[in-house]
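Q: Attaching a single structure in structure tokens format; questions to follow.
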Amino acid sequence: MTSLSLKGVRKSYGQHPVIKGVDLTVDSREFVVFVGPSGCGKSTLLRMIAGLESITAGELEIGGKRMNDVDPSKRGIAMVFQSYALYPHMSVRDNMGFALRFAGKPKDEIARQVNEAARILELGPLLDRLPAQLSGGQRQRVAIGRAIVRHPDVFLFDEPLSNLDAELRVHMRIELARLHRELQATIIYVTHDQVEAMTLADKIVVLREGEVSQVGTPLQLYDDPDNLFVAGFIGSPKMNFLSGEVVDVGAGTASIALVNHGGVRLTKPLGASLPKKGERVTLGIRPEHFGVAGAGTDLTLAVDVAEHLGSTTYVYANGGGERLIIQREERHMGDTDTIAVSIPTEAALLFDSAGKRLR
Amino acid sequence: MSLALVRRGGVYVFLSIATFLSVFPFYWMAVGATNQSPDIVRGKLGLGSNLLVNFQHLMTQVDLPRVFGNSFFIAVVSTLLTLIVSSLAGYGFEMFRSRIRERIFQLLLLLLSIPFAALMVPLFVMISRAQLNNTFTAVILPGIASIFIVFYFRQATKAFPRELRDAARVDGLKEWQIFLFVYMPTMRSTYAAATIIVFMNAWNNYLWPLIVLQTPDNKTITLVISTLTAAYTPDYGVILLATVLATAPTLVIFFVLQRQFVQGMLGAVK
């Protein structure tokens, strides 16, 4: 398998830039996930790697070779599309062997490759069916099979699970993880579903408005986001954000008053990036990090809804015009109108007024 | 009686009238082909026993195999060329982005509004200058880039999944291979519907062949039927028999491709 690199890659449609300079390295056998909201450019970036969209500026290298102007079929990539893109008039067997046929491979070689891919994906009994005779999950497996038979250097997946129902999506997610382990493949995977990104990726690339917001392992992004966008995007339920104002700056600490909670104060230890006194900041805290009242800075919130999921409970609560989600391990919260929680300062993250993380 | 029942009854009456109006001319034509001319003029609507006699008369007046051969050749070649040229154009208009694409397409649609009568004379002058007068090429050539069929294919191509083209590009197909091996088989309902439309138009074409085909050897069935009606005492039995024979191929094509025709008109990509 082969590595891939993007250096200052840009894409514009006329005067309108959609990819604003992406630098990225994908190591051999790495499972990289591009994630971001709709319109952030993740699919465009994948299509540029595939050769389906031209690169306006910058360099794309696959296996150390410049690929900017190379035909898609000669880049050593295979792509799995969101809509499966199976040829409707061909059987599963013909769909999977189509690329090899056009590459001039002998018939017995094509049959061998197709049968091998069918074995891996358990498609054997379906080989003579037409795509219209398959379920969504089966079609997706055929689309993956079509990619596998080409033995590409890099697999590209463009939101491959989006058209599947929730249960099948979980099943296929596990299948993909197994496949990655079995094939030892380099995979670039696009999704807007951060759960898919967290569960599948070795490395996540969070994109926003055509730019890379942050690159890191799933847990790095979860625990140590660089900015407010990544903090809010990664994690389900989302991170809670509380508005604050810096009321005092000491040696390696900043005292923050939570402006919507009666000026409740907490002191946050920080490193080099200290805010200025009077600066507006945002305090981020994940739902599971709230402590029981009395253990630090306490807030009392009005309970709106409690979701009992069996193993855990999510409490949706309001306070000072801010809606917060609190995770509790109790199976039953009981009938309660208010909840008192504490914010452990070591778990809380601080962001400046531009949304940049203060560490 | 409920309002729904009255409504449904009204629909049935309307559909029955519409069916009668559609089917009766065919019935009259078919029955007329079996009757003598005086019976037809008198308005006889039952089957007659004059079919073989009408057929013999038709065969003595017209070289049927040649005339049918001419019509078939023109209709089949026209259909093939029109489908290839117009579907390529429709595919191109929809698949390739260009700043002037819509302008050119609008111009083409504007040309649809020019009646053929206005084009007839300049077209004849062009054909004559190209020394194609009295040839099948003269009949076929002006019709193969049909704006209506280009428009029809462009609209149908909007339903063609772009990801199929992308997948084919990744699979190593050139554009012409994508058109041939992916687009054409996927759009077969559209092709079937277009086949019926183009074949019928070419088969029934009268005015342009009348202008450019002069010798009897080159005449098509529609031209021959018109010469039968021009006789001093027209034999309506013979004329209607010729009309039945002329209608048969288009009916056969329609019934063979009927299912795909409906799908194609609905814009379905299966």
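Only the coordinates and a few stated rules stand behind these numbers; no lab work does. Note that this is a predicted model, so its numbers are computed, not measured. Here the Cβ positions follow ideal geometry from the backbone for every residue, glycine too, while neighbour counts run over all protein chains shown.
Q: Below 14 Å, Cα to Cα, which aspartates and glutamates can B:Lys174 reach? Residues fewer than 8 away in the same chain don't count.
A: A:Asp71, B:Asp166
Q: Where does chain B land at 222 nm, in deg cm²/dmol rounded to the nearest 500, when only DSSP H runs of n ≥ 4 count, each adding -39500 (n - 2.57), divided by all residues?
A: On the way: 14 runs with 191 residues, N = 270.
It comes out at -22500 deg cm²/dmol, rounded to the nearest 500.
Q: Right, something else. So what are the radius of gyration and Dmax for the Cα set of the protein assembly as shown, in Å?
A: Cα-based Rg and Dmax for the protein assembly as shown come out at 35.9, 118 Å.
Q: Quick one, what does Rg over Rh come out to for chain B if you take C-alpha atoms and the Kirkwood Rh? Working shown, then result.
A: Details: Rg = 22.9 Å, Rh = 21.7 Å.
My calculation puts Rg/Rh at 1.05.
Q: So what are the radius of gyration and Dmax for the Cα set of region A:315-359, in Å?
A: Spelled out, the Cα radius of gyration and Dmax of region A:315-359 are 13.9, 40 Å.
Q: Using the alpha-carbon atoms, what tilt in degrees (0 to 90, nearest 10) does helix B:147-157 show relative to the longest principal axis of chain B?
A: Computed tilt is about 50 degrees.
Q: Tell me the Rg and the Dmax, in Å, that the Cα atoms of region A:108-254 produce.
A: 20.4, 76
Q: A further question follows. As an exercise, take the mean of 1/r over every pair of distinct alpha carbons in region B:1-101, invert it, and state the Kirkwood radius in angstroms. List each step's numbers first, then the result.
A: Values: mean 1/r = 0.0521 Å⁻¹.
19.2 Å is the Kirkwood radius here.
Q: Continuing with the same structure: Using Cα centres only, tell me the gap between region A:99-164 and region B:168-207 in whole Å.
A: 27
Q: Could I ask something else about it? Count the net charge of all other residues whose Cβ sits under 13 Å from the Cβ of A:Leu4, scoring Lys and Arg as +1 and Asp and Glu as -1. Let's see the in-between values first.
A: Values: positive: A:Lys7, A:Arg29, A:Lys65, A:Arg66, A:Arg75, A:Lys203; negative: A:Asp23, A:Asp27, A:Glu30, A:Glu59, A:Glu61, A:Asp153.
Result for the neighbourhood of A:Leu4: 0.
Q: Calculate one ³J(HN,Hα) per residue across region A:213-220 by plugging θ = phi - 60° into the Karplus curve 6.51 cos²θ - 1.76 cosθ + 1.60, and present them in order as whole Hz with x for glycine and proline.
A: Each residue's phi maps through the Karplus curve to give 7, 6, 10, x, 6, x, 6, 4 Hz.
Q: For region A:43-141, what is the Kirkwood hydrodynamic radius in Å, using each pair of distinct C-alpha atoms? Display every interim value, and only then the final one.
A: Details: mean 1/r = 0.0658 Å⁻¹.
After inverting the pairwise mean of 1/r, the radius is 15.2 Å.
Q: Based solely on its DSSP helices, what 222 nm [θ] is calculated for chain A when runs of n ≥ 4 H residues each add -39,500 (n - 2.57) and the sum is averaged over all residues, nearest 500 deg cm²/dmol? Could the numbers behind the result be given before it?
A: Numbers: 8 runs with 85 residues, N = 359.
Value at 222 nm, helices only, nearest 500: -7000 deg cm²/dmol.
Q: How long is chain A along each principal axis, judged by its Cα atoms, biggest number first, in Å?
A: 75, 48, 33
Q: So what's the Cα pair-distance distribution over region A:217-347, bin width 5 Å, in %?
A: Reading the bins upward from 0: 2, 10, 19, 23, 20, 15, 7, 3, 1, 0.
Q: Given a cut-off of under 8 Å on Cα pairs at least six residues apart, what relative contact order in percent is computed for region A:240-348?
A: Numbers: 252 pairs, mean separation 30.1, N = 109.
This gives 28 percent for region A:240-348.
Q: Enumerate the helices in chain A for which the Kyte-Doolittle hydropathy averages 0.0 or more and the C-alpha atoms extend at least 15 Å along the helix's axis, using complete DSSP H runs. Provide the component values of the computation, followed by the final result.
A: Details: long enough: A:92-102 (16 Å, 0.08); A:107-121 (21 Å, -0.53); A:136-148 (18 Å, -0.38); A:166-183 (25 Å, -0.31).
Going by DSSP H runs, the hits are A:92-102.
Q: List the lysines whose alpha-carbon lies under 18 Å from that of A:Lys42, not counting same-chain residues fewer than 8 positions away?
A: Leaving aside lysines fewer than 8 places away in the same chain, those within reach of A:Lys42 are A:Lys7, A:Lys11, A:Lys20, A:Lys203.
Q: Take the Cα atoms of region B:95-214, build their convex hull, and give its volume per residue in Å³.
A: Working: hull volume 16.7 nm³, N = 120.
About 140 Å³ per residue, rounded to a whole number.
Q: Here is a further query. With a ≥ b ≥ c the root eigenvalues of the C-alpha gyration tensor of region B:208-254, is it rounded (a/c under 1.5), prolate (a/b larger than b/c) or oblate? Walk me through the numbers before you get to the answer.
A: On the way: a/c = 2.78, a/b = 1.09, b/c = 2.56.
Judged from the Cα gyration tensor, region B:208-254 comes out oblate (a/c at least 1.5, b/c at or above a/b).
Q: Quick check on the exposure proxy: order A:Lys20, A:Lys11, A:Lys277, A:Lys42 from fewest to most C-beta atoms within 10 angstrom.
A: Details: A:Lys20 15, A:Lys11 23, A:Lys277 12, A:Lys42 27.
Fewest-to-most ranking of A:Lys20, A:Lys11, A:Lys277, A:Lys42: A:Lys277, A:Lys20, A:Lys11, A:Lys42.
Q: Continuing with the same structure: Quick one: among A:Gly244, A:Gly58, A:Gly271, which has the greatest mean-square fluctuation in a GNM of chain A with alpha-carbon springs under 10 angstrom?
A: Of the options given, A:Gly271 has the highest mean-square fluctuation.
Q: List B:Trp176, B:Trp28, B:Trp203 from most exposed to least, where exposure is judged by having the fewest other Cβ atoms within 10 Å.
A: Numbers: B:Trp176 9, B:Trp28 14, B:Trp203 22.
Fewest to most other Cβ atoms nearby, the residues stand as B:Trp176, B:Trp28, B:Trp203.
Q: Tilt of helix B:101-111 relative to the longest C-alpha principal axis of chain B, in degrees (0 to 90, nearest 10)?
A: 20
Q: Using a Cα-Cα cut-off of under 12 Å, which aspartates and glutamates could be cross-linked to A:Lys276, ignoring same-chain neighbours fewer than 8 residues away?
A: Partners found: A:Glu245, A:Asp248, A:Asp352.
Q: Treating only the Cβ atoms of Lys and Arg (+1) and Asp and Glu (-1) as charged, compute the dipole magnitude of region B:64-266 about its Cα centre; round to the nearest 20 debye. Intermediate results must be reported in sequence, preceding the final value.
A: Values: 15 positive and 8 negative charges, 109 e Å.
Roughly 520 debye, rounded to the nearest 20.
Q: Among B:Met187, B:Met120, B:Met29, determine the one that fluctuates most according to a GNM of chain B built with springs between C-alpha atoms less than 10 Å apart.
A: Largest GNM mean-square fluctuation: B:Met120.
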